[in-house]
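Notes to accompany the following structure.
The values are calculated or read from the model by the stated rules, or taken from the named source; none is laboratory data. Because the structure is a prediction, the values reported are computed rather than measured. All Cβ positions, even for glycine, are placed from backbone atoms using ideal geometry, and neighbour counts span all protein chains on display. The accessibility values were calculated without ligands, DNA or RNA, using every heavy atom of the protein model including side chains. Shrake-Rupley method; radii C 1.70, N 1.55, O 1.52, S 1.80 Å.
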Amino acid sequence: MLGSLTGLILALSAVLAAPPSASASASADIPGVDEVVTSSNVKHLANVPKSGPFAGPNALGTDIAFTGKYAISGNYLGFTIYDISKPSAPKIVSMVNCPGSQNDVSVAADGKLLFLSTDSSRSDDSCQSTSKPLSDPTAWEGIKIFDISDKANPRYIKSVETQCGSHTHTLVPGKRGSVYIYVSSYILPTWLVGSPNVGPDCQPPFDKISIVKVPLKAPTSAAVVATPVLFPDGGNPGNPGQPDNPVPGDDTWVPTTGCHDITAYPDKDLAAGACMGDGALFDISNPERPKVLTTVRDTANFAFWHSATFNQRANKVVFTDELGGGSAATCNPAIGPNKGANAIYDIVGKGKRAKLVFRSYYKISRANADTENCVAHNGSLIPVKGRDIMVQSWYQGGISVWDFTNSRRPKEIGFFERGPLPAGFPIGGTWSAYYYNGYIYSSDIQKGLDVVDIRDRRTDSGKRVRLSELNTQTQPNYFDRH
């Protein structure tokens, strides 16, 4: 999540994180500062450090999109385009300085267009904007559109303002040469952040998304075409927890006031939403009118439903819980194996009768130091026919490759990890780790772009699957493409 304001990060940490665990801090298994360790089947091929305007510790690396031989990585201060034609030696092609957290990215139109999420109140929609108070009615936030036909010279061509900004976004193909952008944004409760988290166009109850339609041949005509209410009953009301909990956060979960992330599987006409207090399954056969098929809650272990990933057959969904907002040390014995974890659900039944049935949790077993922010974060499938294998970021917990073919017994099959950051860094670790054309690409908050190779009989067949474009929140059908 890592919301727009430092105060939000600190508030989430204070409310949802556990106290320090001496046993985790003292563990001899924790790597040294910045030391890289991997499983025997994983090799670290390359690292391209953040540079130029993004070199500082407050320029946080975020999401990645892929088109052709390029990887495009978001950053709180803009985005970077890399040439990855030689995965062991990626090269920076261009950097665009355009502040506006958290600058999640996606690409469309055969790599000609890039969409950028802005989720902080700005003085205007330009790349020279400055911060403004959330309460200012003239403040701007939403979607920015760039023409990246020339990867060395991206051009900013259009903005679309959206209610509550754009924390994340998801592309859904439309008809007649168009694409829809599902814009996810939300409101955090006052009891969590310590002050009202609302603005003039961002008032509770906020139970909707914004849908932007983009004609791909006329992207400057992009506009909001719908703001469907997804949770007319208000969704999960949330619970601020009990002050005498032995482990803070045990009974704390946020209300459903918007969605954090939506993953679409267009080939199946489905989407899965991680909507703060609820996990949801949607019918998106009419992209302008998504319909909720079913919802699920976990008030025992989930604090913040963060993201979702389907398996290839779309009969399972992996939901993540971003306990601590991404800034807390939750991969330690004090928190345990079920909080801040993935939850695996089987989809049982079809159409309107579909239900999400819980099967198990998955969390990395390697204990982190109490200085390391660690929790389940962004990942993608590795395209292995007949098996469900995923690569996933865990912030300073590193990258985990894990198998959930048996949804009741998930297991890790490979990993990449760095030791704790040197003193003085506010936050770090891998934000997103995705598999693209045979390799794992990771956007590290502080370290830049990493390229990792896994060689394992269980994943090697994935190297034969080639894509021309990948936005992981728009899942492709790897094996039944039309």
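Laid out as a table, the results:
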| read-out | value |
| --- | --- |
| Qualifying residues in segment 440-479 (those that are more than 14 Å from Gln392 (Cα to Cα), over 19 Å from the mean Cα position of the chain (by Cα) and of a type in the set (A, V, I, L, M)) - the one surrounded by the most Cβ atoms within 10 Å (Cβ to Cβ) | Val465 |
| Residue list for segment 182-202, filter: buried (at least 16 other Cβ atoms within 10 Å of the Cβ) and not in a strand (DSSP E or B) | Ser185, Ile187, Leu188, Pro189, Leu192, Val193, Asn197, Val198 |
| Test result for Gly234, out of contact with any strand residue (DSSP E or B) (no Cβ under 7 Å at 6 or more places or on another chain), open to solvent by less than 60 Å² (accessible area, probe 1.4 Å) and at pLDDT below 95 | yes |
| Failed item in (1) open to solvent by less than 20 Å² (accessible area, probe 1.4 Å); (2) within 25 Å of Phe425 (Cα to Cα); (3) over 20 Å from the mean Cα position of the chain (by Cα), with Ile64 passing the rest | (3) |
| All positions within segment 421-439 that are touching a Pro at 6+ places or on another chain (Cβ under 8 Å) and surrounded by 22 or more Cβ atoms within 10 Å (Cβ to Cβ) | Tyr435 |
| Residue in segment 273-289 that is surrounded by 13 or more Cβ atoms within 10 Å (Cβ to Cβ), over 19 Å from the mean Cα position of the chain (by Cα) and farther than 15 Å from Tyr182 by Cα present | no |
| Candidate set from segment 366-406 (those that are modelled with pLDDT under 95 and polar (S, T, N, Q)); member that is least open to solvent (accessible area, probe 1.4 Å) | Asn368 |
| Every pair of residues 6+ apart whose Cβ atoms lie under 6 Å, when the first sits in segment 328-347 and is of a type in the set (Lys, Arg) while the second is open to solvent by 10 Å² or more (accessible area, probe 1.4 Å) | Lys339/Asn301 |
| Qualifying residue in segment 212-221 (condition: basic (Lys, Arg) and either surrounded by 13 or more Cβ atoms within 10 Å (Cβ to Cβ) or modelled with pLDDT under 95 (or both)) | yes |
| Hits in segment 374-390 (condition: free of Cβ contacts under 8 Å to residues at least 60 places away in the same chain and in contact with a Leu (Cβ under 9 Å, 6 or more places away or on another chain)) | Val375 |
| Wholly enclosed strands (runs of 3 or more DSSP E) of segment 391-452 bearing at least 2 residues acidic (Asp, Glu) | 411-418 |
